[in-house]
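Worksheet: the structure to be examined is printed underneath.
The values are calculated or read from the model by the stated rules, or taken from the named source; none is laboratory data. Nothing here was measured: the structure is a model prediction, and the numbers come from that model. Cβ: placed from backbone, ideal geometry, glycine included. Neighbour counts: every protein chain shown. Keep in mind that these areas ignore ligands, DNA and RNA; they rest on the heavy atoms of the full protein, side chains included. Shrake-Rupley method; radii C 1.70, N 1.55, O 1.52, S 1.80 Å.
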Amino acid sequence: MTNPSERAGPPQAARGMAAQVFPARARRLPKAVWDLLFTLVLPILILSPNFLGLGLSVSENVFGGGEAGNVRAYVLASLLPVGYVLTELALSRRVSPISLIAGTGAILSGALTFWYVDGFWFAVKDSARSYLTALLFLISAGTTLPLFRVFVDAASLGEKPGTRAALRQATRDRWIHRGLVLGTVACAVFDLIGGVVNSAVNYGRVTARFGSDAFNAQVAEVNAIMRLPEMTISLLGVGLGVWLVQQAVKRRYGAGVSLFQPRKLTDRMRERGDVAA
């Protein structure tokens, strides 16, 4: 879930180095472009046995070809998104539950890279991150802090302390907490569905032996095929979660207010005497 990074700022030296490595024009590229480049485009190109249709191959031309070259290309393609996500988290300025989940998922993906399997177990491995996220969301749904609440907290980051305090009070309301729990469960279920769909597609399409040219090519193909469906499934889960939370807020405070509009909600709570004016 796809959600989803705040962490302590880097030293000045690191900032200066980043400024030298990435030209000003490149740094102005939208983050979504960098995400797409490092998590999809470059890994697919690295795995491709015919780089950009030029007859070039990272496995062959960089790593010497054969099974060893294919394995090294696979490891590079798998670790590149992991390194990108962890770097993004390290350069962010705050810590949040979502950033911790993203970091944990990246570390898990990095570790599983070295589990050299194919067939059924590769299909399971490729969806492990989705399964882990679903499990964490389901566990949190049974606690006082269901993870869907982090989306609500993110909406209030720029608000005044009084508004944020009122929002925290609202999330402790019995009905709204129930909505947050249901929203968290919805996200978990859709993450699980996305993982199962991804596993099924991998199992049906990645049939070659690990370490072969065909295996890398099939992995690249599935990566390209599944990006949009995975994003769509994840967004459907978030959308359902938002709807469930909104229904709970309307039931408690009436129409026209939202947890994602903290000021309006705070004003309504003051009108009802739930918080001090």
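Cβ separations smaller than 6 Å between residues 6+ apart or across chains give the following pairs from region 258-270 residues that are open to solvent by less than 10 Å² (accessible area, probe 1.4 Å) to residues that are outside any helix (DSSP H, G or I): P262/S156; P262/E159; L265/V257; M269/V275. If the condition is being among the polar types (S, T, N, Q) and open to solvent by 60 Å² or more (accessible area, probe 1.4 Å), then region 25-61 contributes N50, N61.
Restricting attention to region 62-85, which residues are touching a helix residue (DSSP H, G or I) at 6+ places or on another chain (Cβ under 9 Å), over 17 Å from L40 (Cα atoms), of a type outside the set (G, A, S) and open to solvent by 40 Å² or more (accessible area, probe 1.4 Å)? Those that are touching a helix residue (DSSP H, G or I) at 6+ places or on another chain (Cβ under 9 Å), over 17 Å from L40 (Cα atoms), of a type outside the set (G, A, S) and open to solvent by 40 Å² or more (accessible area, probe 1.4 Å): V62, F63, R72. For region 97-140, a residue qualifies if it is more than 21 Å from N202 (Cα to Cα) and touching a Lys or Arg at 6+ places or on another chain (Cβ under 7 Å), and exactly one does: S99.
If we scan region 227-246, do we find a residue that is at positive phi and open to solvent by less than 10 Å² (accessible area, probe 1.4 Å)? No, that holds for no residue. Taking region 93-186 and the helices (runs of 4 or more DSSP H) fully enclosed by it, the elements with 3 or more residues that are closer than 26 Å to N198 by Cα and open to solvent by less than 40 Å² (accessible area, probe 1.4 Å) are at 97-112, 119-126, 128-141. So for region 123-135 (the condition being polar (S, T, N, Q) and closer than 23 Å to R172 by Cα), does at least one residue qualify? No, because not a single residue in region 123-135 is polar (S, T, N, Q) and closer than 23 Å to R172 by Cα.
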